[in-house]
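Trainee: Here it is, the structure in full.
The values are calculated or read from the model by the stated rules, or taken from the named source; none is laboratory data. All values derive from a computational prediction rather than experimental measurement. Heads up, the Cβs are rebuilt from the backbone with ideal geometry, glycines too, and the neighbour counts pull from every protein chain shown.
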Amino acid sequence: MGLSHILIERSGQLSDTICKYQKGKYIMATPDSLPLRTEVKFEADSRESILENWTTRVNELGVNVRYNSEVDTIEGAQGSFQIRLAGGETVEAETVVIAIGLQGNLRKMGVPDEDNGLTHYQLDDPKDYWDKDVVVVGAGDAAIENAVALAQNDNRVTIVNRKREFSRAKPGNISLIMSAIKDEQIECVYNASPVSVTENTIALKTPDGERILRADRVIARIGAIAPRKFIEAIGGVFEDGADFPRVSETYESDRAGIYYIGALAGYPLIKHCLNQGYEVIQTIAGQPVDGADIPMLAEKFQSIAQGRSVHDVLNEIRDNVALFKGLTILQLREFLLDADVDVKTPGETIIRKGEAGDSLFMVLKGSVDIPIGPDKTFTINQGSFFGEMGLVMGRRRSSDALASQEGGAQVIEVPRTAALKLLASSGTARKMMNDLIVLRKLQTFLSPDLDIRDLQEIMESYEVVQFSRGEVLMQEGADADAVYVIQSGSCAITKEIEGKDVVINYVPAGNLLGEMALLNNAPRNATVRAAIGVEAIKIDANLFKQLMERKQKLRSVVQRIAEERAASAGARSTANDQKSRIVDFLMANGIGEATNAIAIDTKLCVRCDYCEKACAETHDGISRLDREAGPSYAQIHIPISCRHCEHPHCMADCPPNALFRTPGGAVAVNDSCIGCGNCARNCPYDAITLSAKPRKRGFLLTWLLFGMGDSPGERRPAKKTADNKEVARKCDLCEDVRGGPACVRACPTGAIIRIGPEGLLEKIQEAV
Amino acid sequence: MNLQRGFLDNRTWLWVAIIISLASIAAYVVHDPIGGRDGSTAVGYALGGLSAFLVLYLSWLGIRKRRFRSSKGLRRDVVSAHVYLGLALIFTATLHSGFEFEWSIHTLGYVLLLLVVGSGIFGISAYASLPDVISRNLSENIVEKKRFDASNLEQLEVDIEDIDRRLERSMGFLPDVFRAPVQNSLENTRLGGGLFSILSGSSRRCATAKALLDVRDLIDRGHFSDEERRRLVDVVQDLARKREVAACIRRDGRYRALLKIWLWIHVPLTSALLLTITAHVILVFFYW
């Protein structure tokens, strides 16, 4: 563009942060959907090739770089800034773009003699160390990745964690470090913080007193923060509780003429940063362009825009949709990139009962009808949302949703990961979601006529509580002090019969628990335990009682429910000991969170492995099922294979988002899998393997005559090559095979079934 | 308890088989041609045709069960049909013969058929009873699973390896007299072997059992320090557990072998039967 410019770089090289990445690290170019607009190419690749590419391009373009220069302050105003460098020199500029990221401001340990050379704040190449004592300080992703890489290179590694556990890191890395600690590859010192370093030791303060570790090297990876002092000195403003300075929609800071982009503005992704740089320079040059995402948003909004600009639509969305209220327009843009906007004609079906969807829908305009009875419908109005059962509780859609007969509806469909991100990033959205879940639960349980005014006090006082597996939500015989709505997870209900705890029921997410005791004013008649990790909304019992007293009509509804439940509980309490032990076994092995697991009746299984063979034959020669392994009890065996969990652990940390749930309910992997193995490590049931495709099965003649393929009946282990990468392989419920799961069809004796926890427990109830 | 409908619970095929058998008997009894009842009467041809058809249909299972992509129903139901129709064959084929037996290829066919059905009956009883026996043998009473991804059998094998390591280490601390029996357990405990030793599943000559007896005997006869006694208690415990686990693995091997061994007779004899029936049919129609 021929603009007069200078690029001031503190270090002696460009892209310092990426230079400091571990050697050979594979760098992703997410978000995939976003086009790149800069002159400099950037695609997912190894650290080395990206750096080489950038250096070449920067040289070609003739960028004016001034290395080894640190900025002290910026004085003046837009049009004539004076940038004072550390050496005392001054650079004049009309506008300033600050793209320093956070890595230049690494957090230090803050201990005496820290700078004696023993401590590094990065790890260039784990191969530089071999047979050394290395102490890694920190518990985040970088610390874990470094520690594991060093341990793999035969170093004696100790990781120092300030806390009692690893919680800050990605789940994949947590399981990586936990298994390394368990296998004694890495030693971990918990609840410890460094107090001093010498030439070859580091002293730690631990709960058991001071501990001194030998160290040939200390690597401290304790994060990076925005250089607040510097930013505030040059006129940046941090809002309350914010980690990043405030910017406008054009990334301009509160001091006109100074722009922040990239990680400093809260966008740690490389592609975002590159695009923002381009956009800001265009703005400065007086040829402002829309963000790279704007054309994509325009396309998304086509059906609802009716000639309006993207910005108008964005504003309308933010004003109309309650969950988006707390977002800035920049955040909203990023968020909507993942969403779909749709116009539904009157009466059109949006979701179907029984489908396994996990996206969240928001009503932008019009309204949506949810039929809840023969002639009863529940209406979801403009600005509200639906589908939260699938998202939060991992349950199948509990009812249909149709666009309103009058006027239809405009809806925004937000996929699972994006919706979870929204809930995580916006406290307002989280609170709103919980409020609505409580309200809807009480409406469906008691009466659809209840409205937010009746429930005012309840809404203001409920709390979200967590229970880990086996923890008691309510104890038989105790006073009823609260009612729970199970948000996620599931519970087992037990009753003491002849001195033994007998499981009488199993309650999945989405249900109301503990209301019985309130209705008849009696103590709890059963114990409720979390079968897996449970998140529940706890509502104060007194408020509930007051509500009942105010509304006489509710009393009769509740009375009827109470009688129905008492009757069904009576039928179940004939349970015996064997049954409850089987249920305990199933719960202990995580069947509570399954939606479709394999159970093998060991009285029928003749160990022929036809299930495995069938699986392999229908899935590229790789069985996704290990029949013989896995736990068994009484006559039930749970082989190692995917259970298609309600909240799949595998999905938690998939960089390319390759794991998804099909409408049929299977958790499947698509072609974008990069084979990183996070899902396999995250799966508590070992149900995912990484492998390359084996060769095609040989035919007898071609093998005999030409040596083509493997010998019949034999499959050589697959070899991985550039084209045949190791990727995640798991059960997909044979959704593309006619007739359903091959394992079930192939069993000669009918020993194998695929079933969810409810079905399995029902079978056990009937059988025992 | 019964969680699932197994392959024997299919009533439909049971009834089809009963009807076929009863109809064959009725036809045989009612139809009394001149020259006696044999394969060359109208009923004889009908029964022979039916039997040949059944044999072909039943053999087809061997191919059909490997067609994993085909969506035609559950294999369990095909196996039910296989079992019940196979049993009906005893009636149709016997009545087809008219009880005329001689040293000929025709009688050979009949004998082969009986052997195939007989091995099948063994298979049915094995399939019906052994799965439960296997699970009971490898139940949580003996298997203490430490790893989720290991099978019960693998866990037991790992247990033996662990015990062996401990025994080997302990030899350094024990009086020399114990060296021979412990070494015997380490070197001579066999878990597999030839076909017959697997099928017998016997632990009568188990080296570890012998070692345990010897060690106990030596303990009774000798005097040892407290330290040595403590170590000897561990050794006895380890040997006892190893003996138990080894016996369990041998029994498991036996049951699994029994589940498969009948197919070694059933399948080759079926091939022989198909050939013999072909010859039988050709002889009957062309060289009568």
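Trainee: Is it the case, given these coordinates, that B:ASP217 is within 30 Å of B:ASN141 (Cα to Cα) and surrounded by 13 or more Cβ atoms within 10 Å (Cβ to Cβ)?
Mentor: no
Trainee: Restricting region B:135-152 to residues that are more than 7 Å from every other protein chain (Cβ to nearest Cβ) and among the aliphatic types (A, V, I, L, M), which is surrounded by the most Cβ atoms within 10 Å (Cβ to Cβ)?
Mentor: B:LEU138
Trainee: Is it true that B:SER104 is free of Cβ contacts under 8 Å to residues at least 60 places away in the same chain, away from every other protein chain (no Cβ under 14 Å) and farther than 30 Å from A:GLU735 by Cβ?
Mentor: Spelling it out, B:SER104 is indeed free of Cβ contacts under 8 Å to residues at least 60 places away in the same chain, away from every other protein chain (no Cβ under 14 Å) and farther than 30 Å from A:GLU735 by Cβ.
Trainee: Exactly one of these conditions fails for A:TYR633: (1) within 21 Å of A:ARG581 (Cβ to Cβ); (2) within 7 Å of chain B (Cβ to nearest Cβ); (3) crowded, with 23+ Cβ neighbours inside 10 Å. Give me its number.
Mentor: It fails just one condition, (3).
Trainee: Which of the following residues is modelled with pLDDT under 75 and surrounded by 14 or more Cβ atoms within 10 Å (Cβ to Cβ): A:SER398, A:SER404, A:SER426?
Mentor: Answer to the check: A:SER426.
Trainee: Looking at region A:175-203, I want the residues that are touching a residue at least 24 places away in the same chain (Cβ under 8 Å) and under 30 Å from A:CYS679 (Cα atoms) and have a partner that is among the aromatic types (Phe, Trp, Tyr) and not in a strand (DSSP E or B) with Cβ atoms under 9 Å, at least 6 apart or on another chain. Which pairs are those?
Mentor: A:ILE177/A:PHE166; A:CYS188/A:PHE166
Trainee: Continuing with this model, one more query. Can you tell me which of (1) in a helix (DSSP H, G or I); (2) more than 14 Å from chain A (Cβ to nearest Cβ); (3) under 29 Å from B:TRP264 (Cα atoms); (4) not polar (S, T, N, Q) is the one B:ALA126 doesn't meet?
Mentor: (2)
Trainee: Do we find that A:ASP481 is touching a residue at least 60 places away in the same chain (Cβ under 8 Å), surrounded by fewer than 20 Cβ atoms within 10 Å (Cβ to Cβ) and over 20 Å from A:ILE437 (Cβ atoms) in this structure? Steps first, please.
Mentor: Numbers: touching a residue at least 60 places away in the same chain (Cβ under 8 Å): yes; surrounded by fewer than 20 Cβ atoms within 10 Å (Cβ to Cβ): yes; over 20 Å from A:ILE437 (Cβ atoms): yes.
Here the answer is yes, as A:ASP481 does meet what is asked.
Trainee: All but one of (1) surrounded by fewer than 22 Cβ atoms within 10 Å (Cβ to Cβ); (2) over 22 Å from A:ALA616 (Cβ atoms); (3) more than 9 Å from chain B (Cβ to nearest Cβ); (4) not polar (S, T, N, Q) hold for A:LYS763; state the number of the condition that does not hold.
Mentor: (3)
Trainee: Out of B:LEU259, B:LEU232, I need the residue that is in a helix (DSSP H, G or I), more than 32 Å from the chain's Cα centre (by Cα) and buried (at least 17 other Cβ atoms within 10 Å of the Cβ). Which one?
Mentor: Selected residue: B:LEU232, the only one of B:LEU259, B:LEU232 that is in a helix (DSSP H, G or I), more than 32 Å from the chain's Cα centre (by Cα) and buried (at least 17 other Cβ atoms within 10 Å of the Cβ).
Trainee: What single numbered condition from (1) over 19 Å from B:ALA150 (Cβ atoms); (2) within 14 Å of chain B (Cβ to nearest Cβ) fails to hold for A:ASP653?
Mentor: The one condition A:ASP653 does not meet is (2).
Trainee: Given the structure, is B:ILE90 within 14 Å of chain A (Cβ to nearest Cβ) and either farther than 20 Å from B:ALA23 by Cα or not in a loop (DSSP other than H, G, I, E, B) (or both)?
Mentor: no
Trainee: I would also like to ask the following. Please verify whether A:ILE50 is in contact (Cβ under 8 Å) with a residue 12 or more places away in the chain, closer than 23 Å to A:GLU145 by Cβ and of a type in the set (A, V, I, L, M, F, W, C), treating the condition exactly as stated.
Mentor: yes
Trainee: Please go through region A:480-518 and pick out each residue that is within 22 Å of A:GLU563 (Cβ to Cβ) and charged (D, E, K, R).
Mentor: The answer is A:LYS495, A:GLU515.
Trainee: If A:PRO648 satisfies all but one of (1) surrounded by fewer than 20 Cβ atoms within 10 Å (Cβ to Cβ); (2) away from chain B (no Cβ under 14 Å), what's the number of the condition it fails?
Mentor: With respect to (1) surrounded by fewer than 20 Cβ atoms within 10 Å (Cβ to Cβ); (2) away from chain B (no Cβ under 14 Å), A:PRO648 is out only on (1).
Trainee: Now for a different question. Which residues, counting only those in region A:429-475, are surrounded by 15 or more Cβ atoms within 10 Å (Cβ to Cβ), polar (S, T, N, Q) and at pLDDT 75 or above?
Mentor: Result: A:ASN434, A:GLN443.
Trainee: Return the only residue of A:ILE202, A:ILE222, A:ILE234 being at pLDDT 90 or above and either surrounded by 15 or more Cβ atoms within 10 Å (Cβ to Cβ) or within 17 Å of A:ILE74 (Cβ to Cβ) (or both).
Mentor: Testing whether each residue is at pLDDT 90 or above and either surrounded by 15 or more Cβ atoms within 10 Å (Cβ to Cβ) or within 17 Å of A:ILE74 (Cβ to Cβ) (or both) leaves just A:ILE202.
Trainee: Tell me the residue from B:SER170, B:SER185 that is touching a residue at least 60 places away in the same chain (Cβ under 8 Å), away from chain A (no Cβ under 14 Å) and either in contact with a strand residue (DSSP E or B) (Cβ under 6 Å, 6 or more places away or on another chain) or hydroxyl-bearing (Ser, Thr, Tyr) (or both), please.
Mentor: Result: B:SER170 is the single residue among B:SER170, B:SER185 that is touching a residue at least 60 places away in the same chain (Cβ under 8 Å), away from chain A (no Cβ under 14 Å) and either in contact with a strand residue (DSSP E or B) (Cβ under 6 Å, 6 or more places away or on another chain) or hydroxyl-bearing (Ser, Thr, Tyr) (or both).
Trainee: Name every residue in region A:745-759 that is more than 29 Å from the chain's Cα centre (by Cα) and more than 7 Å from chain B (Cβ to nearest Cβ), in order of residue number.
Mentor: A:ILE752
Rundown of residues vs (1) part of a loop (DSSP other than H, G, I, E, B); (2) away from chain B (no Cβ under 14 Å); (3) of a type in the set (S, T, N, Q), yes/no style:
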residue	(1), (2), (3)
A:ILE582	no, no, no
A:LEU586	no, no, no
A:GLY592	no, yes, no
A:CYS615	no, no, no
A:ASP620	yes, no, no
A:ARG624	yes, no, no
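Trainee: Hey, could you check region A:45-92 for residues that are of a type in the set (Gly, Ala, Ser) and touching a Ser or Thr at 6+ places or on another chain (Cβ under 8 Å) and say which is modelled with the highest pLDDT?
Mentor: A:ALA86
Trainee: I want to confirm something. Restricting to region A:723-740 and keeping residues that are in contact with a Lys or Arg (Cβ under 7 Å, 6 or more places away or on another chain) and more than 14 Å from A:VAL667 (Cβ to Cβ), which single residue is farthest from the other protein chains (Cβ to nearest Cβ)? Talk me through it step by step, then tell me what you get.
Mentor: At the first step, the residues of region A:723-740 found to be in contact with a Lys or Arg (Cβ under 7 Å, 6 or more places away or on another chain) are A:724, A:726, A:729-731, A:737, A:739.
This time we only want the ones that are more than 14 Å from A:VAL667 (Cβ to Cβ), so: A:724, A:726, A:737, A:739.
Numbers: A:ASN724: 23, A:GLU726: 18, A:VAL737: 6, A:GLY739: 3 Å.
Filtering region A:723-740 for residues that are in contact with a Lys or Arg (Cβ under 7 Å, 6 or more places away or on another chain) and more than 14 Å from A:VAL667 (Cβ to Cβ), the one farthest from the other protein chains (Cβ to nearest Cβ) comes out as A:ASN724.
Trainee: Let me ask you something else. Restricting attention to region A:237-251, report how many residues are surrounded by fewer than 14 Cβ atoms within 10 Å (Cβ to Cβ) and among the β-branched types (Val, Ile, Thr).
Mentor: Matching residues across region A:237-251 total 1.
Trainee: Okay, next question. Mind telling me which of the residues A:ALA151, A:ALA142 ends up being outside any loop (DSSP other than H, G, I, E, B), within 20 Å of A:CYS188 (Cβ to Cβ) and in contact with a helix residue (DSSP H, G or I) (Cβ under 7 Å, 6 or more places away or on another chain)?
Mentor: A:ALA151
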